[in-house]
Amino acid sequence: SDGSASGQPNRRRRNGFNQGRRRMGVRPRRTDREDSVRRTVYVSDIDQHVTEQKLAEVFSNCGQVVDCRICGDPNSVMRFAFIEFADDAGARAALTLGGTILGFYPVRVLPSKTAILPVNPKFLPRTEDEKEMVSRTVYCTNIDKNVCCPVFHFCYAYN
């Protein structure tokens, strides 16, 4: 078991692709971040049955995969991923995999506009209560200042 209460994989566990070259809690220098962006691709339209391990396996034919993270709703095709390679050549080769069928859908592969940031372990839930609370938490952004929601009992009426 990976510690998840619902039987679903714990999305915050280490996926085994980080080669230990990053230190947690240390902000990367600008040149390191730009270099990381050049080595990273953005993959969208990922089938819900495709795992990080499977995705990394497919893309490892392009070069050494340093990190692979799938994001989005695990029960939807609205999933996307960031895959970082050891060098720029791997990322360029990965761009040729656009249109490859993974699961039931062809994936889109584009150059990434951002780097994969390391997860700060201080922000991860530590107790079972924290894990359960995180599983019920929804983060919303770009909410209009005049929105009221009686279902969730909150109101953003700023004057």
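The values are calculated or read from the model by the stated rules, or taken from the named source; none is laboratory data. What you are looking at is a predicted structure, and each value in this text was computed from that prediction instead of being measured. Backbone-built Cβ (ideal geometry, glycine too); neighbour counts: all protein chains shown. With ligands, DNA and RNA removed, areas are computed over all heavy atoms of the protein, side chains included. Shrake-Rupley method; radii C 1.70, N 1.55, O 1.52, S 1.80 Å.
Among the residues making up segment 66-77, those that are under 17 Å from Thr114 (Cβ atoms) and either among the aliphatic types (A, V, I, L, M) or surrounded by fewer than 16 Cβ atoms within 10 Å (Cβ to Cβ) (or both) are Val66, Ile70, Cys71, Gly72.
Taking segment 107-126, which residues are more than 17 Å from Glu57 (Cα to Cα) and open to solvent by less than 60 Å² (accessible area, probe 1.4 Å)? Hits for segment 107-126 are Ser112, Ala115, Ile116, Pro118, Asn120, Leu124, Pro125. The condition of being open to solvent by less than 40 Å² (accessible area, probe 1.4 Å) and either at pLDDT 95 or above or of a type in the set (Phe, Trp, Tyr) (or both) holds for only one of Phe80, Phe59, Phe104, that being Phe59. The single condition among (1) in contact (Cβ under 8 Å) with a residue 40 or more places away in the chain; (2) touching a helix residue (DSSP H, G or I) at 6+ places or on another chain (Cβ under 8 Å) that Cys62 does not meet is (1).
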